[in-house]
Amino acid sequence: MLDTNIISNPPVRTRIAPSPTGDPHVGTAYIALFNRCFAHQHGGQFILRIEDTDKKRSTERSEKDILDSLRWLGLQWDEGPGCEGEFGPYRQSERSHIYKSHINQLLAKDCAFPCFCTAGRLNSLRKEQMEQKQQTGYDGKCLSFTKEEAESKISAGESYVIRIKIPAEGECEFEDKLRGPVNISWSQVDMQVLVKSDGLPTYHFANVVDDHLMKISHVIRGEEWINSTPKHLLLYSYFDWEVPEFYHMPLLRNPDKSKLSKRKNPTSIGYYQAMGYLPQALVNYLGMMGWSMPSGEEKFSQQEMIENFNIARVSLGGPIFDIEKLDWLNGKYIREDLDDDAFRKLFSEWAFNDEKVRQIVPLIKQRVERFSDVAKIGSFFVSGELDLNVVDFANKNLDTDAELKILQYSLWELEALKQWDREAIESCLLKLCALMELKIRDFLVPLFVSISGNVVSTSVIESIFILKLDITRARIRKGIEVLGGISKKRAKLMEKEYRAFS
RNA sequence: GUCCCCUUCGUCUAGAGGCCUAGGACACCUGGUUUUCAUCCAGGCAACAGGGGUUCGAAACCCCUAGGGGACGCCA
């Protein structure tokens, strides 16, 4: 076991640095929880920094969803967007001038170099290396330019990136505080791009600069970063900065042990909210991934976790995110922690909040004769997984294969939507229907059944809009599963066909 | 392919050389309570990946093998 006595001076500062490029991920919440507990246990601060240096994929909407999700879970940050401290701004897109001055320092020190290689050359280089079963990586072509040559290329307007120089030999040894020493040979480390051709920094560069400037003392992050730690350490040494402590947490896994992914599991925090889990139960559950209370108690609040936290007791085997146990824990919270009044309030807010009910009413109203008809046709709006059977999908105009395609392609369409509004949903589904050369009434059948549990129901497009993507995705997946599922091989073919016409 | 990390019941985990005949929880099974069911309670099933060392003593320390995972992007 490793010594984990923490010197409480300088102050402990940890951070979570999500990239706003998709749905808020439970893995983000998991890492956030451990960072927050560690910082607060030591009387330090937990910082939130938005890593939006990928201009193409970052969206405001995703950033907002991530912030909302973390707040919902009670993972409030001490410094970050909306909570400005003295080390802001906390959005990397607002810190460009900082990276610019820092990259100039590295260039001046000859620790980095401009690279003019095109994406095309890099791709074929990689391909070649793969074919020859070599390790992939930049070959250092642009290293041979003199400063003058490079400068004239730049002033001639050639597009370029800036890469880090890597020692030619030797190895990098560093200490992972959870595992002990790790050695990685420099020959294994790529000449990572630090600044992209759009002038924005990559994660590796911005992350190190910001961690230093924001006085991050302990970097607690996913295990996936172990291999890039040498690059980060090299930057610290080029800048002659003090190095933080590194703790690499195990990765959350799918039941098949692969890294938790939305292809195989619901990973969006919004899904768990939409399914009616309590935030404190979800956080508690994440806290038992790789960690346990010294007492063995499995139900604990975040405050109790902070009081009893000891990062040295994190176990390193990748925990499988097991929804069955989450369900049990959530039920325990509902039974033990909610009195009837609290249950009533939370449930009605979850199921019948004004916004949702306002959307549902016009759909339901025209189809009922008595209020007593409402529950029957509207229950799917307040359900999680539906009870479906293969016979529910029976249709004389479509075979199972066609239905599977409709479901899978529709899901891909919906997942690709930038904006979640009914017009966008309608037009992408209609477009798909036309491309598949199907009648709309046939096309919609598997969707109706998957989403509402019945061929006869309120408008499926409206329903999808109201249920939102997380629940829609789960229901379409269930539909696919009930229809027999899609094999890996089949999925590949489908993807190819889908790409061809979308 | 190269490198790195990991390995205790099906799953989450306890375990800091002797408290280990390996403990708890979920799931599953049995029984009890309950007008049904669920809850709740009691019990059961079930693991140290394999092989070598080190040691009086190994789940724990070391080595090898196997298995799993991750990284190898102008993504983070």
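The values are calculated or read from the model by the stated rules, or taken from the named source; none is laboratory data. Keep in mind it's a predicted model, so treat the numbers as computed, not measured. In this analysis, Cβ positions are derived from the backbone assuming ideal geometry, glycine residues included, and neighbour counts consider all displayed protein chains.
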Quiz prompt | Of all residues making up the range A:218-277, the number that are among the acidic types (Asp, Glu) and within 15 Å of RNA strand B (Cβ to nearest atom) | solution = 3
Quiz item: Got at least one residue in the range A:103-120 being more than 11 Å from RNA strand B (Cβ to nearest atom) and part of a strand (DSSP E or B)?
Solution: yes
Quiz item: Quick one: would you say A:Gly485 is closer than 27 Å to A:Val26 by Cβ and in a helix (DSSP H, G or I)?
Solution: no
Quiz item: Looking only at residues in the range A:18-66 that are among the small types (Gly, Ala, Ser) and away from RNA strand B (no atom under 11 Å from the Cβ), which one is farthest from the chain's Cα centre (by Cα)?
Solution: A:Gly43
Exercise. Might you let me know whether the range A:59-76 holds any residue that is assigned to a helix (DSSP H, G or I), of a type in the set (Val, Ile, Thr) and crowded, with 20+ Cβ neighbours inside 10 Å?
Key: yes
Self-check item: Candidates A:Leu430, A:Leu435, A:Leu404 - the one that is at negative phi and crowded, with 21+ Cβ neighbours inside 10 Å
Solution: A:Leu404
Exercise. Please determine, by comparing only the residues of the range A:175-186 that are more than 6 Å from RNA strand B (Cβ to nearest atom) and touching a residue at least 24 places away in the same chain (Cβ under 8 Å), which one is surrounded by the fewest Cβ atoms within 10 Å (Cβ to Cβ).
Key: A:Gly180
Self-check item: Failed condition for A:Tyr271, given (1) over 19 Å from A:Leu329 (Cα atoms); (2) under 14 Å from the mean Cα position of the chain (by Cα); (3) at pLDDT 95 or above; (4) not aliphatic (A, V, I, L, M)
Solution: (1)
Quiz item: So which of A:Glu297, A:Glu324 ends up being part of a helix (DSSP H, G or I), within 12 Å of RNA strand B (Cβ to nearest atom), loosely packed, with under 14 Cβ neighbours inside 10 Å and in the same structural domain as A:Leu73 (by TED's automatic domain parsing)?
Solution: A:Glu324
Quiz prompt | Index of the failed condition, A:Gly85 passing every other in (1) outside any helix (DSSP H, G or I); (2) exposed (fewer than 13 other Cβ atoms within 10 Å of the Cβ) | solution = (2)
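Conditions (1) under 22 Å from A:Arg263 (Cα atoms); (2) over 27 Å from the mean Cα position of the chain (by Cα); (3) in contact (Cβ under 8 Å) with a residue 40 or more places away in the chain; (4) not in a helix (DSSP H, G or I), marked per residue:
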| site | (1), (2), (3), (4) |
| --- | --- |
| A:Gln408 | yes, no, yes, no |
| A:Glu415 | yes, no, yes, no |
| A:Trp420 | yes, no, yes, yes |
| A:Leu430 | no, yes, no, no |
| A:Phe465 | yes, no, yes, no |
| A:Lys478 | yes, no, yes, no |
| A:Lys492 | yes, no, no, no |
| A:Arg499 | yes, no, no, no |
Quiz item: Out of (1) at pLDDT below 95; (2) under 30 Å from A:Pro250 (Cα atoms), the odd one out for A:Asn353 is which?
Solution: (2)
Quiz item: In the range A:234-251, which residue that is hydrophobic (A, V, I, L, M, F, W, C) and more than 20 Å from A:Arg13 (Cβ to Cβ) is surrounded by the most Cβ atoms within 10 Å (Cβ to Cβ)?
Solution: A:Leu234
Exercise. Check A:Val208 against each of (1) in contact with a Lys or Arg (Cβ under 7 Å, 6 or more places away or on another chain); (2) surrounded by 15 or more Cβ atoms within 10 Å (Cβ to Cβ) and name the one condition it does not meet.
Key: (1)
Self-check item: Search result, residues across the range A:142-173 that are buried (at least 16 other Cβ atoms within 10 Å of the Cβ) and not in a loop (DSSP other than H, G, I, E, B)
Solution: A:Cys142, A:Ala150, A:Lys153, A:Val161, A:Ile162, A:Arg163, A:Ile164, A:Cys172
Practice problem: Those residues that are in contact with an Asp or Glu (Cβ under 9 Å, 6 or more places away or on another chain) and closer than 30 Å to A:Trp350 by Cα, I need them from the range A:246-271; list them, please. | Solution: A:Pro255, A:Lys262, A:Lys264, A:Pro266, A:Thr267, A:Ser268, A:Ile269, A:Gly270, A:Tyr271
Quiz prompt | Scan of the range A:300-321 for residues that are within 6 Å of RNA strand B (Cβ to nearest atom), surrounded by fewer than 13 Cβ atoms within 10 Å (Cβ to Cβ) and either of a type in the set (Ser, Thr, Tyr) or free of Cβ contacts under 8 Å to residues at least 60 places away in the same chain (or both), ordered by number | solution = A:Ser315
Exercise. Read through the list (1) in the same structural domain as A:Ala474 (by TED's automatic domain parsing); (2) modelled with pLDDT of 95 or more, then give the number of the only condition that A:Arg358 fails.
Key: (1)
Quiz item: Given (1) in contact (Cβ under 8 Å) with a residue 60 or more places away in the chain; (2) assigned by TED's automatic domain parsing to the domain that holds A:Gln280, where does A:Gln76 come up short, assuming only one miss?
Solution: (1)
Self-check item: Check on A:Glu224, farther than 30 Å from A:Pro89 by Cβ and either in a helix (DSSP H, G or I) or of a type in the set (Asp, Glu) (or both)
Solution: no
Quiz item: If only one of A:Gln129, A:Gln134 is in a loop (DSSP other than H, G, I, E, B) and near RNA strand B (Cβ under 9 Å from one of its atoms), which one is it?
Solution: A:Gln134
